[in-house]
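Presented below is the structure to which this report refers.
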Amino acid sequence: MLIEIREKAQGFFAWVILLLICVPFALWGVQNYTGSSGERPLASVGHKDFFQKEVAQAAAQLSQNLAGMNVPEESIKAQALKKLIGDEVLLQHVEDDGLEVTDETARNFVRALPYFQTDGRFDEKQYKAVLSAQGMSPASFTQRIKQSLKMEQFQRAIMESSFATQADVDNVFKIQNQQRNVEYVTIPVSKLSTQPTADEVQAYYQQHQTSYQTPEQVAVEYVELSADELAKAVVATDAQLQAFYQEQKDQYTTKERRKISHILFTTTKDTTAEQALQKAVKAEAELKSKDFAVLAKELSDDKLTAEKGGDLGLFTPGVMDKDFEAAASSLALGAVSAPVKSTFGYHLIKVTELVPGEVKPFTAVKDDVTKAYQKAQSESQFYELGEKMAQLSYENSGSLSAVAEGLKLKTQKTALLSKDSVSDIFSEAKVRTAAFSEEVLNGNNSEPVEMGLNRLVVLRLLEHKPAATQALKDVEPKVVAALLADKAKQQSVQVAEKIQQRLQAGESIATVAAEQQLQIQKLSDITRDTNKLPAQISQAVFKAPKPLDGKPAIAKMELDNGEQVVMSVSSVKPGVMTDDDKKKQLLASKNIAKAFGQSVFAAVMKSLETSADVTINK
């Protein structure tokens, strides 16, 4: 059975889908990554070579996912290459093993992808337009999806075969509910009043020059393709708008609201159709002197609705028999039908609420129709021009002129901006990543970068200012402040180390704390979920070793503000399962099994990569 899309959002399969769908959807033409003209591959897996362009593509997608996390570009590239290699190793393995995915499964998966849906339904026109913009046929795209599904099939076969025993579950709760007794002291960072010498300042500045650099900056020029701007240029005649209005009439129609009630007389093995009809006729006569809701409570064989006076709620065509629906649809407000036959028996039907449907006339919604028409026309233009933008920028990578002239777009420029800037187009993390990419810094046009929905930009470098170290005279106050803070912290570290050594030698924490004029914090039977401790200290307490031979375990840690904490863990009690924990056993078992499965799959992948024919060219 086809797995839910949301379940694909984990593991390597999410990466594959992002590269197959998100990257092409951003209009990065597949044709850009073929024909390497003798370029030496960065890596090879068997017969498959990976070139700079492919790694750059994968790194760009990965950097978008890590936007805002300040991961170095070289690290992103290394991760991207590693992931490409791992996925190719797995693909070749599953194909050698003969794993198969049917065409129908692949087609169903593609149809379920939200990238190709409009209003929750698969949109054939949009699907073909997007693939066409990539120079990719539906058949080739489906083939790539089949490959990805085979890889996912292999992964799930391993991960879903893992299981957790009751002993595993018990051990988890023993650790989770473990209780510890701890005493600790906090050594503050004292402010220093003695100013450092000139030599100390100079030496500290030399050792920490990277902390006193102006940020790397770039200025770029760019062209922007916007579906909204394209829409503004769409000119429509009244005839075109009228035709579009007729096609989209449902959008401007308020459906009729009709609530109905009924009294049902069923046909059973003990009640013939004739007898049911006679009951209905008799009830119809009684309605002259009795309220419909009262009679429904007394006589209706539909006991669920009888308690509510026969109320069936809003009438929805297509649910009941044709005769029932015809009667319910034609009755006026407050009117009661003659007996109506259905597969259940005979009904008396009453309309209890009626709000007529309405179709807004063209004249009243012309402005909305015009905007919708312009948007529809601009979207198809956007896909076509996006393909052209990708092609022109790649084929004329040394200039934006061809892109600007070919698409009739204006070239725009930015001031010098850093990686942390959020002004102009740099407000988009994807644009910042592209601007500082190796490709752009080397003087080439960027790939088309997607900014939100239906906006694409291609940019190229105007000016590059590398990070530069500021002169000491310009940053001396900052250097002095940092040096004093560093000295103060080192003093607290030294005090903490001495306290730790004395406690490990057997002195009591009370004696040492009194000498250092420190306050002891003492907590008993704390668990990992306790709210009595700051999170950092709680984590350190439960990472500390267990006491041995009746002696407390001593540990030291540093807080985010530079303060040092020395702790003495005197006892550790294994946890026991609570009544609430017993209710969670099934979920815990699944989570533990999932963790085991991920570990096993990682080991399998490592084994496959070790035995595969992998070459990495530095």
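The residue that is farthest from Q143 (Cα to Cα), among those in region 102-124 that are of a type in the set (G, A, S) and under 20 Å from the mean Cα position of the chain (by Cα), is G120.
Going by the conditions given, is A471 closer than 30 Å to S397 by Cβ and either modelled with pLDDT of 95 or more or surrounded by fewer than 13 Cβ atoms within 10 Å (Cβ to Cβ) (or both)? No: the conditions fail for A471. Considering the conditions (1) out of contact with any Pro (no Cβ under 9 Å at 6 or more places or on another chain); (2) within 13 Å of V566 (Cα to Cα), L503 is excluded by exactly one of them, (1). Within region 408-420, being surrounded by fewer than 18 Cβ atoms within 10 Å (Cβ to Cβ) and either under 33 Å from the mean Cα position of the chain (by Cα) or part of a helix (DSSP H, G or I) (or both) holds for Q412, K413, A415, L416, S418, K419, D420.
If the condition is being more than 21 Å from the chain's Cα centre (by Cα) and aliphatic (A, V, I, L, M), then region 435-455 contributes A435, V440, L441. Taking residues in region 514-530 that are closer than 30 Å to I175 by Cβ, and partners anywhere that are among the acidic types (D, E), the pairs with Cβ atoms closer than 9 Å and at least 6 places apart or on different chains are I520/E183; Q521/E183; K522/E183; L523/E183. Checking Q134, Q57, Q61, Q126 one by one, the residue that is touching a Pro at 6+ places or on another chain (Cβ under 6 Å), modelled with pLDDT under 85 and farther than 22 Å from V600 by Cα is Q134 and no other.
On the given criteria, is K465 closer than 30 Å to D199 by Cβ, basic (K, R) and surrounded by fewer than 18 Cβ atoms within 10 Å (Cβ to Cβ)? Here the answer is no, as K465 does not meet what is asked. Against the numbered list (1) among the hydroxyl-bearing types (S, T, Y); (2) touching a Gly at 6+ places or on another chain (Cβ under 9 Å); (3) part of a helix (DSSP H, G or I), S162 comes up short only at (3). Restricting attention to region 413-428, does a residue exist that is more than 26 Å from S211 (Cα to Cα), in the same structural domain as Q381 (by TED's automatic domain parsing) and touching a helix residue (DSSP H, G or I) at 6+ places or on another chain (Cβ under 8 Å)? Yes: one or more hits.
So which residues in region 438-450 are surrounded by 16 or more Cβ atoms within 10 Å (Cβ to Cβ), in contact (Cβ under 8 Å) with a residue 60 or more places away in the chain and farther than 11 Å from V218 by Cα?
So in region 438-450, the residues surrounded by 16 or more Cβ atoms within 10 Å (Cβ to Cβ) come out as 439-440, 444-450.
The next check asks that each one be in contact (Cβ under 8 Å) with a residue 60 or more places away in the chain; those that pass are 439-440, 447-450.
Within region 438-450, E439, E447, P448, V449, E450 meet the criteria.
The values are calculated or read from the model by the stated rules, or taken from the named source; none is laboratory data. These numbers come from a predicted model, not from an experiment. FYI the Cβ positions are ideal-geometry reconstructions off the backbone, even for glycines, and counts take in every protein chain you see.
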